[in-house]
C-alpha cells in the first residue's frame, strides 16, 4: 500500500480550503496526511475545528494578535474531544511561508495547496517551490505579481499544478497535444502544437448590461455571482472581469503562451472550463460540472484522478451550451490585463495591487462600481515598469500601487 501524500493547506478556512478538506475526507483514510493548516485569522473557531478533526500537528495564523485565542480554542477542543495532542501554533505574517516550506519529497509525496486570496500568497508560493514539494496553485495573485520569481524558484519541471478551474482545464487539454514550454510542462520534444488558449468566462452577474446600466451597481449586487460561491474579493473581481484578466496573465505565465494568444469567450453555463486550440484546427475542451472539488482534487493527485467526487455531465439528456464574444467596451479589464502582461514584469503586480485597494473601497461604499477598473487603469498608466524585478522590487511596486490607488480613490470621493 502506498504511503499517504503529505499535504499543507494554506487558506484552510476559505472556499478553496474547506472544499480541499472535503476532498481529503472523500479520499478516505490513508490517501492524504494533512501536515499543516494556515489561515488569516478571521474564523478561528473553524480553524481550530479543522486542525483537531484532521489531527494536524501545526497551525499557522497570519494575525499574531489572535495566537493566544487560537491556542485556547485548540486546548479546549482537545479536552472536549479527547484529542491526545494539541497542535503547535505559528503566528505572524511569515507563518504561512514557514509551513509552506516545511515539506520534503517529490511528486506524489508532498503537496502544498495554496488557497490564500491576494498577493500575500507570493512568499508561501516561493517557499513551497523551494522545498521541492508539488505546488497546487489556487492563489493566482502570487503568480500574477511575481511570475518571474515563481519561474525561477521551481526545482523541477511540472512542479506547479494549477487549481483554478480554467487553468486546470488547459493543463488537462494540453495532454492531448505537444507543448514543451511553461511551468506545468514535463520535458517533451518537438515544436509546440498549440495555436492559442481559450479561457471561458461565465460573464458574471452583469452579462448583457451596458456600461451606463453598471453605474449604480451596489456591493450586494456585485457579490451575487450566478454560478460560483467564492470569497468577496474574487466575486467582485468576477463581476468586473478583472478575475478573468488575472487568469489571462496566469495562463500566459503558466503555459508560456504570448498574452495576445490567450483569448476569452463568454460561456454562461460554466461547463466547458477552457479550451486549447491546436495548429491543425482541432480544439480540445474540458467539460465538467461547475464544482471546484474537481480541480482541487486534480491539484492534490496530479496526474492521477480521484473517483466519486461529482456526477459527470449528462450526455443522454437535452442540453445546450452557448458561447459569445466578450464585450470589451463594457468590461475593459481583460484588455487592460493583456496590455499589462505585455508591458513589463511589474505591470501585472501594479494591476493586482491597485485592484485590491479599489475593491476594498467599493465594498466600503467609497468608490462607485465603474471606478474600480477606471482607477486601476490610471495607476497602470503612471507605472514605468521593470524587466527583471527582485522580490524587494515587487513588494515596493505593490506598496506604491496601493498608495497611489488610495490617493485616486480619495480624490474621487
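Brief remarks follow.
- Of all residues in segment 2-46, those satisfying the criterion of being under 20 Å from the mean Cα position of the chain (by Cα) and assigned to a helix (DSSP H, G or I) are 15, 16, 17, 18, 19, 20, 21, 22, 23, 24.
- Remark: pairs (first residue in segment 363-374, free of Cβ contacts under 8 Å to residues at least 60 places away in the same chain and on the phi < 0 side of the Ramachandran plot; second residue surrounded by fewer than 17 Cβ atoms within 10 Å (Cβ to Cβ) and not in a loop (DSSP other than H, G, I, E, B); Cβ separation under 7 Å; 6+ apart in sequence or on different chains) = 367/412; 371/412.
- Qualifying residue in segment 77-96 (condition: part of a helix (DSSP H, G or I), buried (at least 18 other Cβ atoms within 10 Å of the Cβ) and touching a strand residue (DSSP E or B) at 6+ places or on another chain (Cβ under 8 Å)): yes
- Within segment 128-140, the set of residues being surrounded by 24 or more Cβ atoms within 10 Å (Cβ to Cβ), in a helix (DSSP H, G or I) and touching a strand residue (DSSP E or B) at 6+ places or on another chain (Cβ under 8 Å) comprises 128, 129.
- Flag if residue 274 is under 26 Å from residue 224 (Cα atoms), touching a helix residue (DSSP H, G or I) at 6+ places or on another chain (Cβ under 9 Å), free of Cβ contacts under 8 Å to residues at least 40 places away in the same chain and surrounded by 23 or more Cβ atoms within 10 Å (Cβ to Cβ): no
- Residues in segment 305-327 that are over 23 Å from the mean Cα position of the chain (by Cα) and closer than 14 Å to residue 264 by Cα: 322, 323, 324, 325, 327.
- Listed conditions (1) surrounded by fewer than 23 Cβ atoms within 10 Å (Cβ to Cβ); (2) within 21 Å of residue 254 (Cβ to Cβ) are all met by residue 384, apart from (2).
- Restricting segment 50-67 to residues that are part of a loop (DSSP other than H, G, I, E, B) and in contact with a strand residue (DSSP E or B) (Cβ under 7 Å, 6 or more places away or on another chain), the residue that is surrounded by the fewest Cβ atoms within 10 Å (Cβ to Cβ): 57
- Segment 198-220, residues that are in a helix (DSSP H, G or I) and surrounded by 18 or more Cβ atoms within 10 Å (Cβ to Cβ): 204, 206, 214
- Annotation: residue 47 fulfils all but one of (1) surrounded by fewer than 24 Cβ atoms within 10 Å (Cβ to Cβ); (2) touching a strand residue (DSSP E or B) at 6+ places or on another chain (Cβ under 9 Å); (3) free of Cβ contacts under 8 Å to residues at least 60 places away in the same chain; the unmet one is (1).
- Some residue of segment 6-14 being touching a helix residue (DSSP H, G or I) at 6+ places or on another chain (Cβ under 9 Å) and at pLDDT below 95: no
- Residues located in segment 346-368, provided they are assigned to a loop (DSSP other than H, G, I, E, B) and surrounded by fewer than 21 Cβ atoms within 10 Å (Cβ to Cβ): 364, 365, 366, 368
- Condition met for residue 373 (under 23 Å from the mean Cα position of the chain (by Cα) and under 19 Å from residue 214 (Cβ atoms)): yes
- Annotation note: of 250, 260, the sole residue that is modelled with pLDDT of 95 or more, surrounded by fewer than 19 Cβ atoms within 10 Å (Cβ to Cβ) and part of a helix (DSSP H, G or I) is 260.
The values are calculated or read from the model by the stated rules, or taken from the named source; none is laboratory data. Small disclaimer: the values here were computed from a predicted structure and weren't measured. A quick note on method: Cβ atoms are made from the backbone with ideal geometry, for glycine too, and the neighbour counts reach across all protein chains shown.
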